[in-house]
Amino acid sequence: MTLPSSAPSSVPSVFPQPVRANQPAARRDLPQAPLLVAARGGTPSHVPVWFMRQAGRSLPEYRSLREGVPMLQACFDPGMLAEITLQPVRRHGVDAAILFSDIVVPLYAAGVGIDIVPGTGPVVAHPVRTQGDVAALPELHPEQVRPITDGIALLLRELGDTPLIGFAGAPFTLASYLIEGGPSRNHEHTKALMHAEPELWHRLADTLAELTLTFLRAQLDAGVDAIQLFDSWAGALSPRDYREFVLPHSAKVLAGAAAYGVPRIHFGVGTGELLTGMRDAGADVVGVDWRVPLDEAVRRLTLPDGPPPVVQGNLDPALLMSSWPVVEEEVRRIVAEGRTAAGHIFNLGHGVLPETDPTVLTRIVELVHSL
């Protein structure tokens, strides 16, 4: 596999090349950053807000920059990665940047035959369904994601006091892509393997937990200020199956990142019935999608005689297509519900839809900050 080493000729080189070092980057000290204060259960100067998929298809400047450039090539171009990550910070004034990436980036970097097909999503050349397939999976080494950590170095120069969130897909979601061969509605091959061959499943999930942890540690060593572990497909599971087959492996990833002392956010889609399991996996912040009211999520996440949790969420991204009075009412409701938590990071209940008007996102940021 050959990774792209430079920006396409149509993309101006707006950043100087980062200075590579053998030692991890020094951790930035951002004691007043609202997102980091809220994530630790403190009282920030205002409710922090960022949006999943804020760096992406809803922005005309993103579409212009990405024109003709495949997704994975963009993810491995340091200058392009940095520019795309910065675009929503400049435009919206959000309280955090999220590293522009994709769930399958570490698989691709390690050498797995995988590509992102427009209109379809990740497609695996050879699905992983046997002991031999699992044994043949390559390890990920930090140098294989050097273009990404170089991009992080560029970003840290430009972001000032705005935190940078690192990103990785959770082991279950990576496993589902590998087993199904691509996106799946029912995850039938994945569930069949989990139940019929649990030993093989756990071997695969542990392999992917190691790969994910290597990817996150590379980002943390490069200096990201927080991380988010994203489990796109975990909502397809029952609470029992989640605890047996998924929780131990997500917990391994989150525990492996604990020593860095940065907030760890854990988010999944359709995971209202799995919130306590996601809490027990060790996250500092649990992301909540739009299906569960935020105050109800806080109730579910609070341990008996324990402090309230820190939550992230949870405006329905589809409502961004509605009129501003509707959006404003929902934003105010969610901020009010978030006050029941020890800390609240305002976000959507999933990613920004491509058809979203960017000016609506800017207005939401202004409104949340005013509240």
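Just so you know, all these numbers are worked out from the coordinates, no wet-lab data involved. Please read all numbers here as calculations on a predicted model, not as lab measurements. Cβ sites come from the backbone with ideal geometry, for glycine too, and all protein chains shown count toward neighbours.
What the table below lists for this structure:
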quantity: Over the chain: helical MRE at 222 nm, DSSP H runs n ≥ 4 each giving -39500 (n - 2.57), nearest 500; calculated: -12000 deg cm²/dmol
quantity: Helical segments meeting 18 Å axial Cα length and Kyte-Doolittle -0.5 threshold in the chain (DSSP H); calculated: 78-92, 146-158, 198-222, 324-338, 358-370
quantity: Three-way shape call for the chain based on the alpha-carbon gyration tensor, with the a/c threshold at 1.5; calculated: rounded
quantity: Relative contact order (percent, whole number), segment 90-150, Cα cutoff 8 Å, 6+ residue spacing; calculated: 30 percent
quantity: Cα gyration tensor shape of segment 92-163, rounded if a/c is under 1.5, else prolate or oblate by comparing a/b with b/c; calculated: prolate
quantity: Segment 326-363: GluC sites (Glu not before Pro) falling in loop per DSSP and having at most 16 other Cβ within 10 Å; calculated: GLU355
quantity: Contact order relative to length of segment 34-370, as percent, for alpha carbon pairs under 8 angstrom and 6 or more apart; calculated: 21 percent
